[in-house]
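Derivation of every value follows stated rules applied to the coordinates shown; laboratory data play no part. Note that the coordinates shown come from a computational prediction; the quantities given were computed from them, not determined experimentally. Quick reminder, even Gly has a Cβ in these numbers, built from the backbone with ideal geometry, and neighbours come from all protein chains shown.
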Amino acid sequence: MLLKQIKPGEIVLEARGITKRFPGVIANDQVNFEIKVGEIHAILGENGAGKSTLMKILFGQYQPDEGDVFVGGKQVKFKSPLDAIDLGIGMVHQHRKLVPAHTVIENIILGHPGAGRIIDLPRVSREIGELCERYGFSIDLKAKIWQLSEGEKQIVEILKSLYRGAEVLIMDEPTAGLTALETEKLLASVETMSRENLAIVPFITHKLPIVLRISDRVTILRQGKVVASFETEHATEKSLARELVGRDILIRTERTTVEKGKPILEVQELSAFNDRDLMALNGVSFTIHEGEILGVAGVSGNGQGELVEVLAGLRPSVKGKVILDGKDVTAMSSRKRWQLGMGYVPADRNHVGSIGEFSLVENTRMNYYFDSSFYTRGSLNQHKMRAFTQELINEYGVAAPNPEVKAKNLSGGNLQKLIMARVLSRNPRLVIAHLPTQGLDIGAIEFVRNKLHEAKENGAGVLLISEDLDEIFSLSDRIAPMYEGKFMDIVPIEQARRDAVGAMMAGITLEEEI
Amino acid sequence: MRAGSYEIKLVKRISLTNLRALMLSVIAGVVALFAFGFVFVAAGIDPFMAYQKIFSFSFFNDFGLPLTINRFIFLLLCTYAFIIPFRAGLWNIGMPGQLYAGSLAAFGVLHVLDIGKSTTSHMSPLIIWGLMLAAAAVAAAATGAIAGFLKGKYDINEIVVTMMLNYMAYWLVSYMIKEGGPFMNPGGRGESFELPSSLHAPLIWGSPYTLLIALALGLMLFHMFAKTKLGYEIRAYGQNPAAASYAGISRFRIPLLVFILGGAIAGLAGYHYFGAVPGVYKIARNYGFFGDLAFYGIICGLISRGNPLASIPVAFLFGGLSVGGRYVQGELGMSFGLDYALLGVLMITLVAFQFFYQYQIVTTRIRKETSDVGILH
Amino acid sequence: MWEFFIRSLDASTIFLIAGLGELIGQRSGVLNVGIEGAMLFGATLGFMTAQSTGSYLLGFLVGMAIGGLLGLMHGFFSISLKVDQVVSGMGIWILGFGLTTYLGAPYAGPLGMDRIPTVMGLSPFFVLAVVLAGAVWFVLSKTSLGLQIRSVGEDPSVAEVSGINVSKTRYYCSIMAGMLMGLSGAIYSLDYNPVWNYNFLQGWGFIALALVFFSLWNPFILLGGSVLFGTFWQLSLNPQLVLPGLMSRYVWRMVPFAITLGVLLMMSTKWFRDRWGSAKPQALGQPYFKD
């Protein structure tokens, strides 16, 4: 292994003049980057800034069009991640690359040549146990991955890299999906690892406080270029933000308060199972009125998905009642609810919210196929359907050459605009928006948030589910922090404090007067 | 991959126009026939001569053409039985079982009315034909419904279920028509009793009236997929069941419905061959052969890409090929099963062509030699 | 009675070996619904080879080889060309069913060779099948190779970033699967019932497919299921041995298929899944696209 000869403080991994092009975009444009042994060097950038491309180049998943990568001062060309792994580079993925049905040990030794042909379980467990001790991780090696929390899964990923001899650790969004408590623990371990002379490269989208806290240096990417690189001690949250987005202000929706009308959605003691038949939604009650946004704040996996699906009629409830606009819809089918004025924007726009192989016209039809106004004597009025789709495309500024293109060819932002257009054009009484801005660029985020706000101004009740506290605070009239299938509280925005809401998302109620 | 100074790359198709899909299907058919030519070559027979004999018998011969048309009607109905679930992303390979069930029900009507044996009837033939058609459709739909129900309700693999039902129906027919079974032909012979001549189906232009039914079904299905709510629901479910449920389409109702519809049509295919084709008018001893023939429906469905109108010429062509295959087999003294071999070769060629519906091969000129990637030390 | 029991085990052997092949393939994420086609090929070509050369060994080898080739073809279609695995499997089945009918027609009739020696009537292949089941279990659960195979079947993208060649692993498994299916077919036509007749399998392969779902991807449960179904099958062929004169022999032939449906239904109910969980490989039937 090359790295053994490198002393603390010397450069271990370097990228010079990296350029990578994809059809129509330059994802990385002359990017330079270096990291020393024992250093934590954060890479900061918005979605689409070229972060993941750079990360994949450093890990050997992509090959750069121009530029070179050096490990320990020697030029390398990675054919595949395997080459990078062999040189001591490890990756901790955001969407955990672990097999849920297998045990922790099986995941750690997967693909490791040292595990032996016939797996020597006692020796392997001992070795992994030693690693845990050294870096202060505690985890049950025999547990199955699906039983673990997000934080524990991340530990498994780190252990997997370390067990394979990683000395440079690339971490993709290391705190995504973690509770506040788990984040604390992780940051402590990261610091331990850097003291043990590992080089750590966290890639972070916009959690600026984390960057400030743990990194020694930070490099900021914008539109594929490095726009700044400096020691973290010279940075402030504000200066980072300015470099990150290229303008001073972060996204802000002008929130107006609308006169609260009559109740649109009443939910009483609602409970439901998840796919594994565990009680994932556990007695939730709330009411949403006309002209009001209720923001459910929580780390994904705390029952939000189940709540949304039960409300949309896609998952049976075990207990409780759902009353939509005065009618008890608990036992009604999903379509019935659409017809009664529900509008639902799902979290997964590629696999649930749209049909990739269908044209935009047919995707628009998803929320209208049951509407008799588009049929004459049971036969579709194609012309009307197409004209209507074109209208939505124009109104919402969906970038598409014509309404006949397939949905799979739209970018995430444009697809979300189409879905929003389709759902909101029904003038729903209740809008359910599940992670509506996840993975979108800033322009699209702003657009989506404004549209949700507009729906509220027009008298709809909105249920917003988000992980992003900025989003929750800028849109909601009331905030419901969700943890393990329950609402911790429902706080009016005027009384809500970020730290208190953040703590409740992790299941902790701050014992202070509000 | 490289060839000289050109680089050959596979690119996923962004869109496939109807014209291009048609072209691909035609090419697939030609390639399959070319490949099948080797079967003749292996048997020491000139393939051009063999094909010439096949085509002239099937399509231009006064004796062969009616056989082709009868088989065309049968294949078209089987194709529709396959296509409807196929558009919903499900595989109905239960056409044999469904058509056996349909035939049994059609003959069951006569059995119940005690026609067949006494050969006289006081009922109008029109009513009896109607009853036979309805019974065939209902019984086959019920057989299909089992697979649809198990898929929709319990997510049980529909291929295994329809296949099990095929074998069950197969043995049920044996029971009914052989060794003293209720439908046994009085003369023994291992076949069912015959339709009395008063009930022989009317002919239109020399073909059974089921021709009109099959063609009308084609138009109806085309309209259903293109223009109706149900057609949209089926297609949406077929592309993406999760997105379909999001849009309020039932994950239980659609599988059930497509198998009911598909089954009903397969039942008509059974009625057609055993109840309406001149010269048959009974459940024949070799009914298993017609069950096997139903699998041509899969091929027609795949090559027409689920389009009910495109299926019409395809079913006509393959109907002729299978008739002609059987004919040259005897004519040229080849061994049994030539039409089966054709079925196999067509199928596997089509499978390979599924690839081209999704990908295209792009060749680009390489500007400069790039060095091979690898670790440099 | 002893003879009936022995015949049942012989029948189980055929289900088990074909099922083990399918199980290996499915564990790596490759669904092959064309088992029956591969078995027909193995049976027919094995039969033809043995009859023309007089050598059982050659017959079995050819049966395995053709099965392996079909597995390779299935791999080529579904892994390299990314054709839907069901489409490809159906292709193999219909190809097998169509082509063997034609190829084998001149050979129709009994094999006409000395029977393969047995131990107290029991075919040595049953022992082989049981040993194979144990070996498959050991490799899958105790070795690095098995872990690789299972990971590829659960989540190929995870396997890929762990340095495993997903396509290669799936190819090997698909070929291995095909070889076992071919062998199983050859055992049918050379040992169990050495008479060639067109499309003689009549659903053995599809029942083997159902048995793999039933086995929860565990070779030992597959062994149990195979013995059970071998017995049902034999019973359906000779109902007079156990329940003489109860139903028409044709009705008896329906029984194994009906039981298969019943078993599939039972194990798909919530009650069953709550107790025994779902062990289905998560990536089963899905082609893998590198991003």
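Worth a mention:
- Remark: relative contact order (the range B:2-365) = 35 percent; criterion is Cα-Cα distance under 8 angstrom and separation of 6 or more residues.
- Whole-number percent relative contact order across chain A, with pairs defined as alpha carbons under 8 Å at least 6 apart: 15 percent
- Only Lys, Arg, Asp and Glu carry charge here, each on its Cβ (+1 for the first two, -1 for the last two); on that basis the range C:83-168 has a dipole of about 260 debye about its Cα centre.
- GNM top mover of B:Val362, B:Val280, B:Val109 - chain B, alpha-carbon springs below 10 Å: B:Val362
- 28 Å Cα-Cα threshold exceeded, pairs from A:Lys384/A:Lys408; A:Lys77/A:Lys207; A:Lys153/A:Lys406; A:Lys51/B:Lys12; B:Lys153/B:Lys282; B:Lys227/C:Lys280: A:Lys77/A:Lys207; A:Lys153/A:Lys406; B:Lys153/B:Lys282; B:Lys227/C:Lys280
- Relative to the dominant Cα principal axis of chain C, helix C:124-142 is inclined by about 10°.
- The helix-only estimate of mean residue ellipticity at 222 nm for chain C, built from DSSP H runs of length n ≥ 4 each weighted as -39500 (n - 2.57), is -23000 deg cm²/dmol after division by the residue total.
- A DSSP coil position with no more than 12 other Cβ atoms inside 10 Å describes the following GluC sites (Glu not before Pro) in the range A:161-243: A:Glu196.
- Bridgeable aspartates and glutamates around A:Lys36 (alpha carbons under 19 Å apart, same-chain partners fewer than 8 residues away excluded): A:Glu10, A:Glu14, A:Asp68, A:Asp86, A:Glu167, A:Asp172, A:Glu191, A:Glu196, A:Asp216, A:Glu231, A:Glu233.
- Within chain C, longest stretch free of exposed trypsin sites (Lys or Arg not before Pro) [DSSP loop, at most 16 other beta carbons within 10 Å]: C:116-289
- Share, in percent, of DSSP beta bridges within the range A:2-245 that are antiparallel, nearest 5: 60 percent
- Eligible lysines near A:Lys456 by straight Cα distance, threshold 20 Å, same-chain separation 8 or greater: A:Lys260, A:Lys262, A:Lys417
- C-alpha long axis of helix C:204-214 to longest principal axis of chain C, angle in °: 50 degrees
- Just so you know, the Rg over Rh for the range A:2-245 is 0.96, from Cα atoms, with Rh as the Kirkwood radius.
- Peptide-level mean, for A:402-413, of C-beta atoms on other protein chains within 10 Å: 1
- Across q = 0.07, 0.12 Å⁻¹, chain A modelled as identical point scatterers on its alpha-carbon atoms has Debye log10 I(q)/I(0) values of -0.44, -1.21, in the order of the q list.
- Karplus-based coupling profile of the range B:79-94, in residue order and whole Hz: 4, 5, 4, 7, 5, 4, x, 4, 5, 8, x, 10, 9, 9, 9, x, with θ = phi - 60° in 6.51 cos²θ - 1.76 cosθ + 1.60 and x standing for Gly or Pro.
- Note on chain C: with a GNM built from Cα contacts shorter than 10 Å, the maximum mean-square fluctuation among C:Met176, C:Met73, C:Met120 falls on C:Met120.
- If you wrap the tightest convex hull around every Cα atom of the range A:131-192 and split its volume per residue, you get 91 Å³.
- Candidates B:Val314, B:Val323, B:Val26: whichever shows maximal mean-square fluctuation once chain B is modelled as a Gaussian network with Cα springs under 10 Å: B:Val26
- Taken about its Cα centre, chain C carries a charge dipole of roughly 340 debye when the Cβ of each Lys and Arg holds +1 and the Cβ of each Asp and Glu holds -1.
- A crude spin-label estimate for the pair B:Lys9 and A:Arg255, with each label 7 Å from Cα along the Cβ direction, gives 4.8 nm.
- Between C:Lys168 and A:Asn450, the FRET efficiency estimated from the beta carbon spacing at R0 = 41 angstrom works out to 0.25.
- Relative contact order (%) - the range C:2-279, alpha-carbon pairs under 8 angstrom, separation at least six: 36 percent
- Counting, for every residue in C:198-208, the Cβ atoms of other protein chains within 10 Å of its Cβ and taking the mean gives 3.
- Computed over chain C, the alpha-carbon pair-distance distribution with 10 angstrom bins reads 7, 28, 35, 22, 7, 1, 0, each value a whole percent.
- The ranking of C:Ile164, A:Ile288 from fewest to most other beta carbons within 10 Å of each one's beta carbon is C:Ile164, A:Ile288.
- Residue order for A:Thr257, A:Thr219, A:Thr287, fewest other beta carbons within 10 angstrom first, comes to A:Thr257, A:Thr287, A:Thr219.
- The range B:2-365 - Rg (one decimal) and Dmax (whole number), Cα, Å: 21.7, 82
- Inter-probe distance in nm under a simple model that places probes 7 Å from Cα toward Cβ, at C:Met1 and B:Asp46: 6.8 nm
- Ranked C:Val139, A:Val296, criterion: other C-beta atoms within 10 Å, fewest first: C:Val139, A:Val296
- Here the range A:2-245 is assigned +1 on the Cβ of each Lys and Arg and -1 on the Cβ of each Asp and Glu. Its dipole about the Cα centre then comes out at about 460 debye.
- More than 57 Å apart - percent of Cα-Cα pairs taken over the protein assembly as shown: 22 percent
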